[in-house]
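Bear in mind these aren't lab numbers, they're just calculated from the coordinates by the rules spelled out. These figures come from a predicted structure and were not determined experimentally. Ideal geometry is used to build each Cβ from the backbone, glycine not excepted, and the neighbour counts take in all protein chains shown.
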Amino acid sequence: MAVLEVLKYPSPVLNNKALPVKEVDSKLKGLINDMAETMYALSAVGLAAPQVGKLLQVAVIDVTPKEEGKNLIVLINPRIVAKEGEIFLEEGCLSIPGYREKVKRWARVKVEAMDEHGEKREIEGEGLLSIALQHETDHLDGMLIIDRISSLKRNIFKKNMKKQLLAKEQG
Ligand code: NI
């Protein structure tokens, strides 16, 4: 098991659509274990494979509060099959460190996916789990939270990011 490096915006990998997994083999299980370890090490509630440089439809989620232990959800080839309601809360992303913004999401979603044993399963989520399910499936579609906010806020974000990157190059 290993903690993997997480790609940061503006890595172009993050804008690509991930490919469906054809077979749950030992190599994929190794990736899932490493992704889970990375998520826990960074105290995140979710991580998608493109964030660690693998363009595969794989994500891990755990929205359980730390003091209540672990409840890992593995999503392979996930698909949102039902959605309802609306929720509007601040989100962050390991690929955009330090940035938080309110994102409009479905309040409840149902997702069909395979688990780490290749078994088909259905996950229903509301609140934080609903947000995490949408945030991670967005990653697999090449979308980040900045693609879900108003163009005004996105432009401000991009301007600030450009300044930061320039400052880094010059510093
Ligand atoms: Ni993210």
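Between VAL63 and ASN16, what length comes free when the chain is fully extended (0.36 nm per residue of separation minus the Cα-Cα distance, one decimal in nm)?
Numbers: separation 47, 0.36 × 47 = 16.92 nm, distance 2.54 nm.
Result for the pair: 14.4 nm of gain on full extension.
Dipole of region 29-171, Cα-centred, from +1 at each Lys and Arg C-beta and -1 at each Asp and Glu C-beta, to the nearest 20 debye? Working shown, then result.
Working: 22 positive and 22 negative charges, 174 e Å.
Once rounded to the nearest 20, the dipole reads 840 debye.
So which of LYS8/LYS162; LYS70/LYS153; LYS22/LYS70; LYS83/LYS159 end up more than 23 Å apart, counting from Cα to Cα? Please list the in-between numbers first.
On the way: LYS8/LYS162 14 Å; LYS70/LYS153 35 Å; LYS22/LYS70 28 Å; LYS83/LYS159 34 Å.
Flagged as over cut-off: LYS70/LYS153; LYS22/LYS70; LYS83/LYS159.
By the scheme Lys and Arg +1, Asp and Glu -1, what is the net charge of all other residues having a beta-carbon under 13 Å from that of GLU23?
Details: positive: LYS22, LYS27, LYS29; negative: ASP25, GLU116.
Here the count lands on +1.
Please give the peptides 27-35, 147-155 ranked by average Cβ packing (other Cβ atoms within 10 Å per residue), highest first, as a rough proxy for protection.
Working: 27-35: 16.8, 147-155: 12.2.
Packing proxy ranking, top to bottom: 27-35, 147-155.
Report the gain in length on full extension from LYS168 to ILE156: 0.36 nm times residue separation, minus Cα-Cα distance, nm rounded to one decimal.
On the way: separation 12, 0.36 × 12 = 4.32 nm, distance 1.84 nm.
Going from the current span to full extension adds 2.5 nm.
Taking the Kirkwood radius as the inverse of the mean 1/r across Cα pairs, report the Rg/Rh of region 37-137. Intermediate values should be presented prior to the final figure.
Details: Rg = 13.1 Å, Rh = 13.9 Å.
We get a ratio of 0.94 for region 37-137.
Around VAL45, with a cut-off of 11 angstrom between Cβ atoms, what is the net charge of the other residues, counting Lys and Arg +1 and Asp and Glu -1?
Taking every Cβ under 11 Å from that of VAL45, the sum is -2.
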